[in-house]
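Novice: I have a structure here, written as structure tokens, and I will follow up with some questions on it.
The values are calculated or read from the model by the stated rules, or taken from the named source; none is laboratory data. As the structure is a prediction and not an experimental result, all values here were calculated from the model. Because the Cβ atoms are built from the backbone with ideal geometry, glycine has one as well, and the counts that use them run over all protein chains shown. We work out accessible area using only protein heavy atoms, side chains counted, and drop any ligands, DNA or RNA first. Shrake-Rupley method; radii C 1.70, N 1.55, O 1.52, S 1.80 Å.
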Amino acid sequence: MVPENAETFSTLVLGASCKPDRFSYLAIKNLVKNGVRVYAIGSRPCFVDGIQVYVEKIDISNLHTVTLYLNNQNQIAFYDYIIGLKPKRIIFNPGSENPDMVRLARENGISYVFGCTLVMLNDGSFFV
């Protein structure tokens, strides 16, 4: 069941993939299915369930969540961008854990979760 306030949880999928077997691809599909406004940045342009995957940083206002599908080395180029978006939360999906990004989040008052976006959508904890 899609929560009434799902659109308030606008989410950037960072490390989005055009490949159907990737977790970031599945995350986009499940976020859309749950009524979340989705933005996506990846290494190749494509569309996933009508969501454009950009290859460059895009301007986003009123962003709630950044869900990371990049390893810590590939996150470095996005540190300032992520902090500049002023999200309320960062989700570190498995394999994206990064103590430097956690420190930056903490210093900038951004909450963070070590979890899996797909599991969080499934059990309802994404919308908390």
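Novice: Which residues, taken from region 10-25, are part of a helix (DSSP H, G or I), surrounded by 22 or more Cβ atoms within 10 Å (Cβ to Cβ) and not polar (S, T, N, Q)? So that I can check it myself, show each step before the final result.
Specialist: Start the filter on region 10-25 by keeping residues that are part of a helix (DSSP H, G or I), which leaves 23-25.
If we keep only those that are surrounded by 22 or more Cβ atoms within 10 Å (Cβ to Cβ) as well, we get 24-25.
Within region 10-25, TYR25 is the sole residue that qualifies.
Novice: Determine, yes or no, whether GLU7 is open to solvent by 10 Å² or more (accessible area, probe 1.4 Å), of a type outside the set (S, T, N, Q) and modelled with pLDDT under 95. Walk me through it before giving the result.
Specialist: Working: open to solvent by 10 Å² or more (accessible area, probe 1.4 Å): yes; of a type outside the set (S, T, N, Q): yes; modelled with pLDDT under 95: yes.
Yes: the conditions hold for GLU7.
Novice: From the set of residues in region 113-128 that are among the aliphatic types (A, V, I, L, M) and open to solvent by 40 Å² or more (accessible area, probe 1.4 Å), which is modelled with the lowest pLDDT? Spell out the reasoning first.
Specialist: Going through region 113-128, the residues among the aliphatic types (A, V, I, L, M) turn out to be 113, 118-121, 128.
This time we only want the ones that are open to solvent by 40 Å² or more (accessible area, probe 1.4 Å), so: 113, 119, 128.
Working: VAL113: 98, VAL119: 98, VAL128: 91.
So, considering only residues that are among the aliphatic types (A, V, I, L, M) and open to solvent by 40 Å² or more (accessible area, probe 1.4 Å), the one modelled with the lowest pLDDT is VAL128.
Novice: Quick one: in region 1-22, of everything that is of a type in the set (Asp, Glu) and closer than 19 Å to LYS88 by Cβ, which residue is nearest to the chain's Cα centre (by Cα)?
Specialist: Of region 1-22, the ones of a type in the set (Asp, Glu) are 4, 7, 21.
Subsequent filtering for residues that are closer than 19 Å to LYS88 by Cβ retains 4, 7.
Values: GLU4: 20, GLU7: 14 Å.
Step by step, filter region 1-22, then rank; the result is GLU7.
Novice: Residues to consider are ILE28, ILE41; find the one that is farther than 16 Å from ALA6 by Cα and either surrounded by 12 or more Cβ atoms within 10 Å (Cβ to Cβ) or not aromatic (Phe, Trp, Tyr) (or both). Please lay out each step first, then the result.
Specialist: On the way: ILE28 fails: farther than 16 Å from ALA6 by Cα.
Sole residue among the options that is farther than 16 Å from ALA6 by Cα and either surrounded by 12 or more Cβ atoms within 10 Å (Cβ to Cβ) or not aromatic (Phe, Trp, Tyr) (or both): ILE41.
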